[in-house]
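Just below is one structure, and these are the notes that go with it.
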Amino acid sequence: MASNDAPARSAWSGKWAFILAAAASAVGLGNMWRFPYLAAKYGGGTFLLTYLVLVFTLGISLLLLETALGRLTGQSAIGAFKQFGKKYAIIGVLASIVPFIIVPYYSIIGGWVTKYTAAYVFEGPAALADGGNFFTGFITSNVESFLWMFVFMAIVFVVVARGVKGGIEKANLFMMPALIVVAVGIAAYTLTMPGALEGAAYYLVPDFSKFSPELVISALGQMFYSLSLAMGIMITYGSYLDKKSSLTQSVVRIGGFDIGVSFLAGLMIVPAAFVAMGSGDAVAAKSGPSLMFVILPEVFAQMGGAAQFVGFLFFLLVLFAALTSGISLMETCVSIVQDGAKWSRKKALIAVMAFIVVTGSLVNLGYNGLSFIEPLGAGTTMLDFFDFISNSVLMPIVALLTCIFVGWVVKPKLIVREVTLSGPFKLEKAWTIMIKYVAPVLVTVILVAFVAAQFGLFKM
Ligand code: PHE
């Protein structure tokens with residue numbers, strides 16, 4: 001495709017700018033909010049181990065594939081696939097749907113985090129630690145939950161409207177290490193509480209009787225989500241990267257950073273859940289999206305004079321992680337609309353914002369006005385449904401198609417050549433086998449197992 005309409009493309013100032021931006025997109029609510037509750041729900045150590053294995057094999061391989069494909073083609077998702085033939089554009093189109101599904105519910109959780117950050121200042125730690133009533137009252141409220149969601153959306157909107165590069169990336173350079181320091185501090189404190197070591201053991205030591213297809217599907221979905229994979233974003237980021245920067249080193253750093261933050265978040269939250277609930281089974285049974293908002297405040301409240309400060313700092317840092325990811329999500333949506341509809345940036349920005357406000361409100365209604373809709377069974381909400389569709393269904397499908405495309409259509413050599421432009425690729429053979437065979441088989445088996453389970457062919 002001749003691109004006569006392409007304005008000058010943005011470019012990173014160097015390798016570290018790229019790593020930082022990718023890490024800023026990757027590290028977000030997925031690490032702080034989603035990973036710990038999934039780990040708690042799916043047997044702790046078993047989930048952690050499965051997740052680690054998946055990230056360091058499949059995850060990093062795909063991260064390398066996407067960034068190299070972007071750098072090779074110099075295009076974002078749809079254009080990158082289309083370059084090899086019109087019919088392949090569909091992979092890019094499917095990938096592009098994902099951020100539109102995620103961004104509305106991401107803003108809802110972002111709103112919860114914004115509310116909590118403010119509540120530590122104005123309402124104090126005791127108000128938040130009341131066994132979940134505060135949280136339930138808030139998310140089911142007809143006014144307040146919407147307001148805070150809009151606040152989060154507005155911040156994201158303002159930043160995206162003003163352009164992302166300068167401020168946010170610099171803020172991230174400070175915020176990410178700060179997040180780690182606070183997480184280590186809170187985890188260390190939590191571990192001194194009665195029952196916490198048992199919780200740490202639950203989190204760290206695998207119990208293989210907990211292994212299930214559902215665990216693997218969830219770990220896989222979490223991997224895509226947390227690494228911002230299978231939605232074209234890493235393709236776009238790769239397309240801004242110069243040919244000299246090492247791709248292999250970069251992706252290992254991005255993946256390592258992301259998993260490090262998830263690991264710490266789990267170490268902080270899973271033992272805390274144990275302190276509050278007493279046993280692995282109770283924790284697993286009760287773990288869900290509310291874990292961070294109900295359990296942690298209880299633990300903070302026990303910190304005496306430091307409670308308010310620690311609670312505030314914690315949620316502020318989660319808020320920053322959420323904002324940087326929310327910004328990269330919205331930025332992705334805007335550029336998709338801009339390229340797809342050939343609209344000006346301003347027009348695309350307004351259209352995306354309108355879309356987010358409407359769909360976000362709709363999904364949020366799932367907690368109050370429309371709570372009778374329980375798409376995934378009793379007690380589930382539309383938010384769970386959107387989360388599930390994007391992470392457990394759509395992203396694996398996009399990843400599968402991408403692997404087949406690179407492994408069997410354009411051939412791995414093409415990507416390998418791009419990777420070796422900027423340094424040696426020691427694991428070339430292993431990577432090729434991963435992309436051609438392991439990844440497609442693994443993802444297919446998981447998807448089929450899931451569909452079969454949905455139709456009741458076996459029980460998950
Ligand atoms: N990876 C982010 C997180 O873990 C979520 C996200 C996905 C952000 C896709 C941007 C793009 O929270």
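The values are calculated or read from the model by the stated rules, or taken from the named source; none is laboratory data. Predicted model only: the values in this text are computed from it and were never measured. A quick note on method: Cβ atoms are made from the backbone with ideal geometry, for glycine too, and the neighbour counts reach across all protein chains shown. We work out accessible area using only protein heavy atoms, side chains counted, and drop any ligands, DNA or RNA first. Shrake-Rupley method; radii C 1.70, N 1.55, O 1.52, S 1.80 Å.
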Subject >> Only listed residue being modelled with pLDDT of 95 or more, farther than 18 Å from residue 392 by Cβ and open to solvent by less than 10 Å² (accessible area, probe 1.4 Å), chosen from 49, 65 >> reply: 65
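Quick grid of which residues meet (1) in a helix (DSSP H, G or I); (2) out of contact with any Gly (no Cβ under 8 Å at 6 or more places or on another chain); (3) open to solvent by less than 30 Å² (accessible area, probe 1.4 Å); (4) within 16 Å of the ligand (Cβ to nearest atom):
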{"site": "179", "(1), (2), (3), (4)": "yes, yes, yes, yes"}
{"site": "189", "(1), (2), (3), (4)": "yes, yes, no, no"}
{"site": "216", "(1), (2), (3), (4)": "yes, yes, yes, no"}
{"site": "225", "(1), (2), (3), (4)": "yes, no, yes, yes"}
**OP:** For the stretch 16-46, name all the residues that are farther than 22 Å from residue 77 by Cβ, open to solvent by 20 Å² or more (accessible area, probe 1.4 Å) and modelled with pLDDT under 90.
**Re:** 16
**OP:** Any residue in the stretch 315-342 that's open to solvent by 10 Å² or more (accessible area, probe 1.4 Å) and away from the ligand (no atom under 12 Å from the Cβ): show its pairings with residues that are of a type in the set (Phe, Trp, Tyr) and not in a helix (DSSP H, G or I) at Cβ separation under 9 Å, as long as the two are six or more apart or on different chains.
**Re:** 337/343
Original post:
Checking residue 143 against (1) open to solvent by less than 10 Å² (accessible area, probe 1.4 Å); (2) modelled with pLDDT of 90 or more; (3) farther than 23 Å from residue 22 by Cα, which single condition isn't satisfied?
Top reply: (1)
**OP:** Kindly indicate which of 56, 100 is on the phi < 0 side of the Ramachandran plot and away from the ligand (no atom under 16 Å from the Cβ).
**Re:** 56
Original post:
Does residue 352 satisfy being over 21 Å from residue 162 (Cα atoms), within 16 Å of the ligand (Cβ to nearest atom), modelled with pLDDT of 90 or more and assigned to a helix (DSSP H, G or I)?
Top reply: no
**OP:** Could you tell me whether residue 72 is modelled with pLDDT of 95 or more, away from the ligand (no atom under 16 Å from the Cβ), in contact with a Ser or Thr (Cβ under 9 Å, 6 or more places away or on another chain) and open to solvent by 10 Å² or more (accessible area, probe 1.4 Å)?
**Re:** yes
Original post:
What single numbered condition from (1) of a type in the set (A, V, I, L, M); (2) more than 16 Å from residue 110 (Cβ to Cβ); (3) within 24 Å of the chain's Cα centre (by Cα); (4) open to solvent by less than 50 Å² (accessible area, probe 1.4 Å) fails to hold for residue 353?
Top reply: (2)
Original post:
If you check residue 295 against the conditions, is it more than 16 Å from the ligand (Cβ to nearest atom), open to solvent by less than 30 Å² (accessible area, probe 1.4 Å) and under 25 Å from residue 126 (Cβ atoms)?
Top reply: yes
Original post:
Does residue 126 satisfy the criteria of being crowded, with 16+ Cβ neighbours inside 10 Å and more than 16 Å from the ligand (Cβ to nearest atom)?
Top reply: no
**OP:** Can you tell me which residue within the stretch 246-287, out of those that are out of contact with any Phe, Trp or Tyr (no Cβ under 6 Å at 6 or more places or on another chain) and either among the basic types (Lys, Arg) or outside any helix (DSSP H, G or I) (or both), is least open to solvent (accessible area, probe 1.4 Å)?
**Re:** 246
